[in-house]
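Structure record follows, encoded as structure tokens.
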């Protein structure tokens, strides 16, 4: 498995990369994890309900927020600067086990920063104090996954007011900065996450 930090990448370019890598992995190529952040963008999952977009599309354009319909599970979500995004293009026999391993990676990583007490929430993700700090959404095609997680570190949470994220009110979202007061940017945190990916996926952690 190869893990790459890509920096800030436009969503369309990252999506194209995922499909190209997916085709390589299906042919037997090396599994990949892409760690990055995006300029402001809203994505619509397969079960996205139109009413969960709370502003007209032209309003998004005026704010410099792109919007894409994608094939991952779930509803609307937001990506932007200060949010660490991880795309897993790996072979898998089922989404549930992969989601569980990704969540384990995120929780172990966050515990390196703060002694959180994690909770179960109404949707898959990392939940703290009744609010969601990270989301997970996957698609699986031909036995290989696409998409992955979004972890709120220092992201501007006001962007979530443009949508009902995952069908929930925007007040249900939180970040590492809001919960702890610690400003840890994606470029500083990705090495921690990369190490935990290796631990959980390659070391049986």
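Readers should treat all values here as calculations from the given coordinates under stated rules, not as data from a laboratory. None of the values given here were measured: they were computed from a predicted structure. FYI the Cβ positions are ideal-geometry reconstructions off the backbone, even for glycines, and counts take in every protein chain you see.
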Sorting check: for 111-120, 152-161, 28-37, which peptide has the highest mean count of neighbouring beta carbons within 10 Å, and how do the rest follow? 152-161, 28-37, 111-120
Within the stretch 70-90, list the residues whose amide N lies under 20 Å from a label point set 7 Å along Cα→Cβ of residue 182. 82-86
Considering only DSSP beta bridges with both partners in the stretch 2-202, what is the antiparallel share in %, to the nearest 5? 75
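From the C-alpha coordinates alone, can you work out the Kirkwood hydrodynamic radius of the stretch 1-111, in Å?
15.4
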Where does the Debye-calculated log10 I(q)/I(0) of the chain sit at q = 0.10, 0.11, 0.14, 0.15 Å⁻¹, using only Cα point scatterers of equal weight, no solvent? -0.38, -0.46, -0.78, -0.90
Can you pull a Stokes-Einstein diffusion coefficient for the stretch 108-205 at 37 °C (0.692 mPa s), Rh from Kirkwood over Cα pairs, as a whole number of µm²/s? 224
Quote the relative contact order of the stretch 2-202 in percent (integer), defining contacts as alpha-carbon pairs under 8 Å separated by 6+ residues. 24
Full-stretch length increase - residue 119, residue 55 - with 0.36 nm per residue and alpha-carbon distance subtracted: 20.0 nm
Please report the relative contact order for the stretch 121-195, taking Cα pairs under 8 Å with a sequence separation of at least 6, and give it as a percent rounded to a whole number. 25
What's the center-to-center distance, using Cα atoms, between the stretch 72-114 and the stretch 137-175 in Å? 9
